[in-house]
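None of the figures in this text is laboratory data; all of them are computed from the coordinates on show. Everything numeric in this text was worked out from a predicted model, so none of it was measured. So basically every Cβ, Gly included, is an ideal-geometry build from the backbone, and we count neighbours across all protein chains shown.
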Amino acid sequence: MYFVYVLKSMKDGNFYTGFTDSFEERVKKHNEGLVTSTKHRKPFNLVYFEAGLSKTDSLHREIYLKSSWGKRYIKNRLRNYLQDNLKVVSH
């Protein structure tokens, strides 16, 4: 099984989208600072993931989610989560 995931940096509030076949291990590596592209943005919360059976399909999905249309999709998909967390931060 292959996974596309979205993490939210608790440091800067931005999202990171990635792909893996070892889901829990990969998220753990991000939070331990072992991933070069995200080591200065940790810690992360997992906010979204999708599982797929095809490596090629999952890689294409990762590319889509990193596009401007994909980023809009994620923000729309997580609308309630983002609003609820904004309320917690603003109070």
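Quick rundown of the values:
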quantity: Partner lysines for Lys55 [C-alpha distance under 19 Å; skip if fewer than 8 residues away on the same chain]; calculated: Lys66
quantity: Directionally averaged shadow of the chain, computed from the convex hull of its alpha-carbon atoms, nm²; calculated: 6.0
quantity: Inter-label distance, nm, simple model (7 Å from Cα along the C-beta direction), Glu25/Tyr64; calculated: 2.7
quantity: Residue-averaged 222 nm ellipticity for the chain, from DSSP H runs of 4+ at -39500 (n - 2.57), nearest 500; calculated: -14000 deg cm²/dmol
quantity: Ranking of Val47, Val6 by count of other Cβ atoms within 10 Å, fewest first; calculated: Val47, Val6
quantity: For Arg26, Arg77, order by how many other beta-carbon atoms lie within 10 Å, fewest first; calculated: Arg77, Arg26
quantity: Net lengthening on full extension, Arg72/Thr56 (0.36 nm per residue, minus Cα-Cα); calculated: 3.5 nm
quantity: Choice from Tyr73, Tyr81, Tyr16 showing the highest fluctuation, given a GNM over the chain with Cα pairs closer than 10 Å; calculated: Tyr81
quantity: Residues Lys11, Lys29, sorted so that the one with the fewest Cβ neighbours within 10 Å comes first; calculated: Lys11, Lys29
quantity: Electrostatic dipole magnitude of the chain [Cβ: Lys, Arg +1; Asp, Glu -1; Cα centre; debye, to 20]; calculated: 380
